Amino acid sequence: MASASPLAGKRAVVTGASSGIGRAVALELARQGVTLHLLGRREGALAEVVRQVQGWGGAARAYPVDLTDERALREVGAELGEGGLDVLVHSAGTVSLGPVLEASVADFDRQYALNVRAPFLLTQLLLPSLKRARGQVAFLNSGSGLVARASWSQYAATKHALKALADALREEVKADGVRVVSVYPGRTASPMQARVHELEGRAYDPARFVQPESVAAMILAALALPPTAEVTDLSVRPGPG
């Protein structure tokens, strides 16, 4: 484990840590000596991340939870808030596509519940701990949180809402020394991207897209900044490679 990192010895909560960007962020935090608390629905995949971190000599614990279940999330949040917290990374998310005329309200509600409501509630629950630590919050947004395109109305609406949440939170907590960054990855090689291609009816080639580790590296660079500097918005796009 890296002992020279400014993040060494800190405690972090990462949602959506079983795959994709969330998993990459969790592993990079572990390499920096951060104690991890990993949230997600896929118990087996979370356990595998924990085993990998512990195999390096790091500390990690899995919390299998449906983030859209308010009661369950409140229980986990209460437990996590007791031990102190320095970093909160919201990476969990879901996507459905379709034109407004054909879109399902149930799909919209499902996306809003995971993409907006869950990070709102978890942030609310953990904010006292983050304030005490003068900690940091990272919201994994999307290019759709900046530009809305045809057939992406529901997902883009949730991501625009997430941007608003992060922007408002930043203004509310800056006097407490808490930093808030929104990250807007372009198309990233991940299970979600594979699903998007399936919905679009296109073949999926992960080599064409941003790799999760590249996004994680940018997030870690922002989190490792001294408290005299803050990255508020971070865009990562596929390179010309």
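Quick notes on this structure:
- Computed label-point distance, nm, for sites GLU82 and ARG110 using a 7 Å Cα→Cβ extension: 3.4
- With respect to the chain, whose longest principal axis is taken over its alpha-carbon atoms, helix 118-133 is tilted by about 20°.
- Within the set (1) 0.95; (2) 1.03; (3) 1.33, the number that Rg/Rh (Cα atoms, Kirkwood Rh) takes when calculated for this structure is listed as (1).
- Cβ-Cβ distance of ALA217 and LEU101, R₀ of 45 Å, FRET efficiency by 1/(1 + (r/R0)^6): the value works out to about 0.65.
- Mean separation of Cα contacts under 8 Å, 6 or more apart, over the residue count of region 55-141: relative contact order %: 44
- Label-to-label distance, nm, for residues given as ARG208 and ALA229 (7 Å Cα→Cβ offset): 3.5
- Residue ranges 31-44, 160-173 sort as 31-44, 160-173 when ordered by packing (mean number of other C-beta atoms within 10 Å per residue, highest first).
- Comparing Cα centroids, region 9-78 and region 225-241 end up 23 angstrom apart.
- Sorting the segments 18-29, 148-159 by their residues' average number of neighbouring beta-carbon atoms within 10 angstrom, most packed first, yields 18-29, 148-159.
- Between 0 and 90°, nearest 10: helix 191-200 axis offset from the chain longest Cα axis: 10
- Burial order of peptide ranges 58-64, 214-220 (average beta-carbon count within 10 Å, highest first): 214-220, 58-64
- Average Cα contact separation per residue, the chain, under 8 Å, 6 or more apart, as relative contact order %: 19
Quick note: the coordinates plus some simple rules give every number you see, no bench work behind them. Bear in mind the structure is a predicted one, so any value in this text is a computation, not a measurement. Cβ sites come from the backbone with ideal geometry, for glycine too, and all protein chains shown count toward neighbours.
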